[in-house]
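The values are calculated or read from the model by the stated rules, or taken from the named source; none is laboratory data. Note that the coordinates shown come from a computational prediction; the quantities given were computed from them, not determined experimentally. So basically every Cβ, Gly included, is an ideal-geometry build from the backbone, and we count neighbours across all protein chains shown. Heavy atoms of the whole protein, side chains included, go into the accessibility calculation; ligands, DNA and RNA do not. Shrake-Rupley method; radii C 1.70, N 1.55, O 1.52, S 1.80 Å.
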Amino acid sequence: TRHLGARPYIYGARPAPRPQLRRLSASYWFISLKQVEELKRVLGYPRFGFSQEQKKRFLELVFEASVMVDSKASLNVIKEDPSDNFILECAVDCSAGFVISGVKHLLKLKAFNGIRIVKVAEFLEKHL
């Protein structure tokens, strides 16, 4: 079982339309429908104790700050947890520069198809 902070984010190198994102190298944050479904599932874990309103607001913030990707790729790269291949699929489909994650089996890859896979702290240290 993962904690919420370990969920991966996809980060690309394209100009951001929103001023609040411009400070992050003027790039988009990407998310796929599969990631949204996983996020909804994880937000519902009783151990987090989020109210319906908190879950709704969090998802609204994710949608405001992200570009939705209709992922078409089909990969079988992550052997430890094949259900997480959708993370790399989204990254490949949107030509991301980074996957930002705390998930150990993703971090172990370090990169995939030229897409760097880094921890949040490493990303923030180098890009903010």
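Taking θ as phi - 60° and the Karplus parameters 6.51, -1.76 and 1.60, the scalar couplings of segment 63-69 work out to 5, 5, 9, 10, 10, 6, 10 Hz in sequence order, x denoting glycine and proline. Put simply, the amide H of residue 69, placed in the peptide plane, has neighbours under 5 Å in 31, 32, 33, leaving out anything fewer than 5 places away on its chain. Across the cross-link table entries 34/55; 79/104; 79/108; 34/72; 55/108; 55/119, which are compared at the Cα atoms, the separations over 19 Å belong to 55/108; 55/119. In this structure the amide hydrogen of residue 119, modeled in the peptide plane, comes within under 5 Å of the amide hydrogens of 101, none closer than 5 places in sequence on its chain. Surface analysis of segment 38-128 yields an accessible area of 58 Å² per residue, using protein heavy atoms and a 1.4 Å probe. Scoring 30-40, 58-68, 113-123, 93-103 by mean Cβ neighbours within 10 Å over their residues and listing the highest first yields 93-103, 30-40, 113-123, 58-68.
The HN-Hα couplings worked out from phi for segment 97-106 by the Karplus form 6.51 cos²θ - 1.76 cosθ + 1.60 (θ = phi - 60°) are x, 9, 10, 9, 8, x, 6, 4, 6, 6 Hz, whole numbers, x standing for Gly and Pro.
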